Amino acid sequence: MRATPHYPDSGTPAPTAARRWLVPLLVGTLALAACGRDDVRPTPPAAKPQAATRTWTPVAPADPAAANAVLMRAISLVGTPYRYGGNTPEGGFDCSGLVNYVFRDMLDLRLPRTSRELFAYQGPKIEPSRLATGDLVFFGSGGSVTHVGIYVGEGRFVHAPSTGGTVRLDHLDGSYWVRNYSGSKRVLH
């Protein structure tokens, strides 16, 4: 009988083969975009998903069951239309509305409503190399946070981009996201 692979130094099972191919499959069908009410950024004309430029070592989440629930729910919402102020699958999502919906729906966890409030919310800030499934990733410019997404592993995150877009899966190594990365926060303890 073959042993189940585990994350190093933990008893947490590593992602299944299905999960390892699901995220790359979804990212292959999506392009770059961004979100923010007054700071809507168009997709650059030549923007295409970029291959990972760094290795994303899996980090075991503190609560694997909660992180997996967040992962699966976030990915299930890919394709939902963007709507400023939106916070339901039926009405569409903005970036923080998506985050709030996923955590409330799966874990009954009530989070602040805006990306700025989420960035200031309690919880440790996380270095990109230590991201675990379910962590929040933030973007902005000039010291102002204007966008948030949910990290789902392998350097990818789910987010609700700007007007005219849909909830999508993007890679943190995309040039736009690297330039505008503001930090990460762990809300699952």
| field | Subset tally (residues that are of a type in the set (Val, Ile, Thr) and surrounded by fewer than 19 Cβ atoms within 10 Å (Cβ to Cβ)) for region 121-167 | value | 3
| remark: Residue count, region 75-94, condition touching a strand residue (DSSP E or B) at 6+ places or on another chain (Cβ under 7 Å), of a type outside the set (Val, Ile, Thr) and not in a loop (DSSP other than H, G, I, E, B), comes to 5
| message | Would you confirm, using the coordinates I've provided, whether THR166 is in contact with a Gly (Cβ under 7 Å, 6 or more places away or on another chain) and more than 15 Å from GLY79 (Cα to Cα)? | response | no
| note | Exactly one of PRO112, PRO124, PRO128 is touching a residue at least 60 places away in the same chain (Cβ under 8 Å), out of contact with any Ser or Thr (no Cβ under 6 Å at 6 or more places or on another chain) and either closer than 20 Å to TYR176 by Cβ or not aromatic (Phe, Trp, Tyr) (or both), and that one is PRO124
| request: Output the number of the condition that TYR151 fails; it satisfies all remaining conditions of (1) aromatic (Phe, Trp, Tyr); (2) closer than 26 Å to GLY164 by Cβ; (3) in contact with a Lys or Arg (Cβ under 9 Å, 6 or more places away or on another chain). | output: (3)
| request: Report, by residue number, each residue of region 72-104 that is basic (Lys, Arg) and either in contact with a Gly (Cβ under 6 Å, 6 or more places away or on another chain) or within 19 Å of THR114 (Cβ to Cβ) (or both). | output: ARG83, ARG104
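No value in this document is a laboratory result; all are computed from the given coordinates. The structure displayed is predicted, hence computed values, not measured ones. For neighbour counting, all protein chains shown are included, and Cβ atoms are generated from backbone atoms with ideal geometry for every residue, glycine included.
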